[in-house]
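Input: a single structure, listed below in structure tokens.
The values are calculated or read from the model by the stated rules, or taken from the named source; none is laboratory data. Just so we're clear, the structure is a prediction, and the values are computed from it rather than from any experiment. Here Cβ is always computed from backbone atoms with ideal geometry, including for glycine, and neighbour counts include all displayed protein chains. The protein model used for the area step is the full one, side chains on, heavy atoms only, and it has no ligands, DNA or RNA in it. Shrake-Rupley method; radii C 1.70, N 1.55, O 1.52, S 1.80 Å.
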Amino acid sequence: MRTLPRKQQGLTFLSIAFILALIGFFTLLILKIAPIYINHSRVVNAIKAVENTTDIVTKSKSEIKTSLEKRFDMNYVEHVKPEDVTIVAQPGYVRVEVDYERVERIFGNLSVLVEFHEGFEAGNK
């Protein structure tokens, strides 16, 4: 009696290694990028808090800047420099913009660049 060869089932070692490498790469990517977005959510919270300040349109540019810097400090905001913040304050009108970018090295010469633009306008121009 002759036995028929059985079909091979399962994954080969190379396919398992490839799948594990993909999982490792995406895990590394998430671990590098997630803190950038967590920091950005802190920036957004600070900007919204300043926007919701009562009588924001009556405040001076320096008062708004000081308030924003204090909220950045309270929220442990990193990587936002004073030159990244633009404030236009005129009687009855305020515009605050925060433009910054973050470059995070993944490994070797591979990096990721993330750009953010947040802000608000209040009052009439």
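For the stretch 49-124, with all protein chains present and a 1.4 Å probe, just round the carbon and sulfur fraction of the accessible area to a whole percent. Working shown, then result.
Values: 2260 of 4940 Å².
C and S atoms contribute 46 percent here.
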- Any chance you could list P(r) for the chain, counting all Cα-Cα pairs in 5 angstrom bins from zero, rounded to whole %? 2, 9, 16, 14, 11, 8, 7, 6, 5, 4, 3, 3, 3, 2, 2, 1, 1, 1, 0, 0
- Note on the structure: Relative contact order of the stretch 1-106 (C-alpha contacts under 8 Å, at least 6 apart) in percent is 26 percent
- Item | Label point 7 Å beyond Cα of Lys32 along Cβ direction - residues of the stretch 109-123 with amide nitrogen under 13 Å | 109-114
- Between the stretch 96-125 and the stretch 1-76, what's the alpha-carbon centroid distance in Å? 14 Å
- Task: Using every Cα-Cα pair within the stretch 46-103, state what percent have a distance larger than 15 Å.
- Result: 45 percent
- Message: With +1 assigned to the C-beta of every Lys and Arg and -1 to the C-beta of every Asp and Glu, and no other charges, what is the dipole magnitude of the stretch 20-71 about the Cα centre in debye, to the nearest 20?
- Response: 100 debye
- Task: Please arrange His79, His117 by accessible surface area, largest first, computed with a 1.4 Å probe and ligands excluded.
- Result: His117, His79
- Item | Normalised convex hull volume, the stretch 1-63, alpha-carbon set, Å³ per residue | 108 Å³
- Task: Calculate, for the chain, the solvent-accessible area per residue in square angstrom, rolling a 1.4 angstrom probe over the heavy atoms of the protein chains.
- Result: 75 Å²
